[in-house]
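A quick write-up on the structure given underneath.
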Amino acid sequence: MLKQSSQIKMDNLKRIWIGFCCLIATLSAFSQTQPCPLNINFSTGDLTHWSAFTGTFTSVSGTRQTQTFDSLLAAPSGTLGTVSFPESGYSVQGIQVSNNTSVDPFGGFSTIPKINGYQYTNSVLLGSTTVAPGSNQGLIRGISYVINVPAGNVDSPYTITYAYAMVLENGSHASNQQPLSRAILQTKDGIIACASPSYYLPTSGSGNALDEAAAHKQGFTQSPVPSPNTVGNGTSPYRVWTKAWTEVTFNLSPYRGQQVTLTFEADNCIPGGHFAYAYFAIRNDCNGLQISGPTAACQNGTITYSVPALADAAYTWSIPNGWNKVLDSLNILQVIPATAGGGTISVHEVNSCADLKASLDVITTLPTIPGVLSGNNIVCSDSNSSKIILSGNRGNLVNWINTLDGINWVTDSIHKDSILVVKNLKQTTTYKALVQNGSACSIDSTTSVLIDVNPVSVGGAISPTILNICQGQNKGATLNLSGSIGTIVNWQSSLDSIVWNDFNPANTDTFFNINNTNVPTKFRTIVKSGVCPADTSKTAQVNIFNTAFPQAALAPADVAICFGTKAILHANVSLGTSYAWLTYNSLYDPNSRTISATPYTITAQAAPASSTKYLLAIRNADCPNLWIDTFNVYVIPPIIVNAGHDTSVVADQPLQLNALVSDSTVTSFSWLPVTGLNNASISDPIATLGAGIDSIYYKVTATNSSGCFGVDYILVHIYKSKPDILVPNAFTPNGDGRNDIIKPIPIGIATLNYFRIYNRWGQMLFSTSEFNKGWDGNLNGTQQQSGTYVYMTEGIDYLGNTIFRKGTVVLIR
């Protein structure tokens, strides 16, 4: 420790005198209260009355070198009114008081705790993530408070209760060399061991590996945030472990009238390369052990109670008769109140230096019953009013909540009555009420009420707004409604815009085809959205042209043809003077397009490659509207037939033929000639050909259910020898289209197992099991040199025998 000056010694004498005066004042007031030491909980927002120290220690000798900041001096030498001190040798803060809650970046816990109902108000952070790599020095920082224990009865507890939370970087050192935090309670006679625990990550084995099971048992959790410090040798960056807030208490009544010193400290590891920091918070209540938890418990609900821990203590809990114990984990108790009225919860905790008892009187309340809502309604947007009523609930209304999408709920913190009146809604909304029976019972939600909001009716517009039609027109004259909101109730017509007549039967379509309207007429629609008042559309005017509308009929309108054939298109015209085709794709019409007299028949031919719609338009004199209709020519896709590759077979050996087709509707096959076939009317006949034939050319025809057909051919050579696989002895892959690849010639082979090419070093350059596939002299796009190569090939003949051949082939460039 750094040598203190004579001034600091004088300051220490002053501190002892002030402490003595405080002790006398405390003793005079002890008969009424047992006040905690001033600013023991950092309530002034700084370190006043605390001394502090920062420094380092060496990894070899463990020698500590620290600078102490006196509790009776102001900064820079003391702590009066001081909030923070930097790490020794660094600008980053190593000691810092906080009265604002934030979240620890590694552990995710609050920097000022709330433990089972008790809210601490301040905390102090000791340490940082700063390390001194390579220096073999660890950073240390701590604070101390000299407590004047009030005189009095030693049987009356005087307790100090603190909470701590830690963030430690695992150094894989021996446990006593790991980063740590600790509390030290010391009298003039020495350290009180049972009230001076150290907290560190446990390791074991020769490699000092982290004992994760023991760490978890002690309340540590591995952080998902990597360490900011670099460590070599492949050490994982995810080596930071955290422990959330834990309460600890100790009893100072055995030291009545004496001084004790409380110290909190956080130290990096002994070699200095791994960090430690810890938070400490202290209760401002020294009157003995207290049970934390609600004094009002909800019947049949799970309630948690706890007391601050004593190091290595034994705990005994008792609960009211009829209550059920869920968990009794040392200083934490979980119970389910099963009886009305309440009772007393008590605890007794004992270790080698403390024997504490506490009790808490608890009352019980009945569980919340949320009740039900009534008031489902359907309203019109904007101007509306609905009443929602809460009934059957046990407990008070906490809030009304509502949602537009069933996912995101909005809280109404204004209305608190059991009857809610909602007005002028614009969107469909679901409502619930939140109910709670006293603070002990949980909040529950009611059933939901749906206020279904219908949009305001909009009649829309009819297009075209003016429609000129010819006498007797019943085709191509359509009125269309657009821009409406709601359901179409009916269409209406009027001759004078005053008297409107409903359609009978009603027309609820968005369109109306004019049919035999002979006088000028106006049309409109009636549109209604749910419960909203109906609205009328804008009107459309239909005018009548004096010339008659053309009349014709397609015979027939739908035609199906096979690919490559022609469709004959017929139209019988009963009224008209000329016509035109609006579709010309693969269409032939030998007529003049003039209709000399009616009745008249239009005949045309169409041969499209794919299904096509052909539009025909007919005009009658000076009527401005055309009669237009459509021929639908459906082209059945071509039937692709594959009879297989040309092949060879040994005389009198069976050859399996197989025709594959692209059309699943094919119903018949026909093979010609029928020579040697066991059945010429199936897709897969067997051919057996004698030695009297050198070759034969088969044609297969496949016909579908529509009469469309496709054909293919296969050439079969007949050899008089036994089955074999022949391979030419040379090839010239120069790209001239002749002898560019080397491939096997199967004779009487049903299956080619493989055909492979090797170079002289045994490297396989090519392999295939397909007929008519061969090697082009390249390997991965690179031309191979001229020279001799080895081939190996194997196949199965039509009798199931294996044929194997091996030899050489010369590549010539």
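The values are calculated or read from the model by the stated rules, or taken from the named source; none is laboratory data. Note that this is a predicted model, so its numbers are computed, not measured. Because the Cβ atoms are built from the backbone with ideal geometry, glycine has one as well, and the counts that use them run over all protein chains shown. These area figures cover heavy atoms from the full protein model, side chains too; ligands, DNA and RNA do not enter into them. Shrake-Rupley method; radii C 1.70, N 1.55, O 1.52, S 1.80 Å.
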- Item | 1.4 Å probe accessible area per residue over the range 375-470, in Å² | 52 Å²
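Can you say what percent of the DSSP beta bridges in the chain, counting only those with both residues inside, are antiparallel? Round to 5.
90 percent
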- Message: Using the Cα centre of the chain as origin and beta-carbon charges of +1 (Lys, Arg) and -1 (Asp, Glu), tell me which of 122, 521, 569 is placed farthest towards the positive end of the dipole.
- Response: 122
- Task: Could you sort 568-574, 268-274, 431-437 so that the peptide with the highest average Cβ count within 10 Å comes first and the rest follow in order?
- Result: 268-274, 431-437, 568-574
- Item | Positive-pole candidate from 450, 418, 433, dipole of the range 378-474, charges at beta carbon | 418
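Taking a probe of 1.4 Å, how large is the accessible area per residue of the range 565-695, in Å²? Walk me through the numbers before you get to the answer.
On the way: 6560 Å² over 131 residues.
Accessible surface, normalised per residue, equals 50 Å².
Within the chain, what whole-number % of the accessible surface is contributed by carbon and sulfur, with the 1.4 Å probe and all protein chains included in the calculation?
The value for the chain is 53 percent carbon and sulfur by accessible area.
In what order, largest first, do 166, 764 sit by accessible area if the probe radius is 1.4 Å? Don't jump to the answer; show the numbers that get you there.
Values: 166 0, 764 95 Å².
Per-residue accessible area, sorted high to low, gives 764, 166.
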- With all protein chains present, calculate the accessible area of residue 348 using a 1.4 Å probe and round the result to the nearest 10 Å². 60 Å²
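Given +1 on the Cβ of Lys and Arg, -1 on the Cβ of Asp and Glu, and no further charges, what dipole in debye does the chain carry about its Cα centre, rounded to the nearest 20?
Using Cβ point charges on Lys, Arg, Asp and Glu, the chain gives about 700 debye.
Taking the Cα centre of the range 726-813 as origin and charging only Cβ (+1 Lys, Arg; -1 Asp, Glu), how large is the dipole, in debye to the nearest 20?
Values: 8 positive and 6 negative charges, 45 e Å.
In debye, rounded to 20, the range 726-813 gives about 220.
Where does the charge balance sit around residue 377 when Lys and Arg score +1, Asp and Glu -1, over other residues with C-beta under 11 Å from its C-beta? Could you put the intermediate results ahead of the total?
Values: positive: 387; negative: 452.
With Lys, Arg at +1 and Asp, Glu at -1, the neighbours total 0.
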- Residues whose modelled amide H sits under 5 Å from the amide H of residue 274, counting only those 5 or more places away in sequence or on another chain, are 269
- Three principal axis lengths of the chain [C-alpha, angstrom, descending]: 132, 103, 56
- Rounded, prolate or oblate: pick one for the range 413-522, where a ≥ b ≥ c are the square roots of the eigenvalues of its C-alpha gyration tensor, a/c under 1.5 means rounded, and failing that, prolate if a/b is larger than b/c, else oblate. prolate
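Using a 1.4 angstrom probe on the protein heavy atoms only, line up 275, 53 by accessible area, largest first.
Numbers: 275 0, 53 25 Å².
Order by accessible area, largest first: 53, 275.
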- With Cα atoms, 0 to 90° folded angle of helix 6-29 axis to the chain main axis: 90 degrees
- Query: In sequence order, what are the phi-derived ³J(HN,Hα) couplings for the range 349-358 according to the Karplus relation 6.51 cos²θ - 1.76 cosθ + 1.60 with θ = phi - 60°, rounded to whole Hz, with x for glycine and proline?
  - Reply: 10, 9, 9, 5, 10, 8, 9, 10, 10, 8
- Message: Using +1 at the C-beta of Lys and Arg and -1 at the C-beta of Asp and Glu, which of 697, 616, 187 has the Cα lying farthest in the positive direction of the dipole of the chain?
- Response: 187
- If we sort 476-486, 397-407 on the protection proxy, mean other Cβ atoms within 10 Å, highest first, what's the order? 476-486, 397-407
- So how do 359-365, 177-183 stack up, highest first, on mean other-Cβ count within 10 Å? 177-183, 359-365
- Cβ charges +1 (Lys, Arg) and -1 (Asp, Glu), total dipole of the range 589-702, debye: 420 debye
- What helix-only [θ] at 222 nm does the chain give? Using -39500 (n - 2.57) per DSSP H run of at least 4, over all residues, to the nearest 500, the answer is -1000 deg cm²/dmol
- What whole number of Å gives the distance from the Cα centroid of the range 427-498 to the Cα centroid of the range 768-810? 75 Å
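Taking every eigenvalue of the Cα gyration tensor of the range 511-570, multiplying by 5 and rooting it, what semi-axes result, largest first, whole Å?
Details: eigenvalues 335, 98, 10 Å².
Gyration-tensor ellipsoid for the range 511-570: 41, 22, 7 Å.
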- Given H placed 1.01 Å from N in the peptide plane, which residues other than close sequence neighbours of residue 74 have an amide H under 5 Å from its amide H? 80
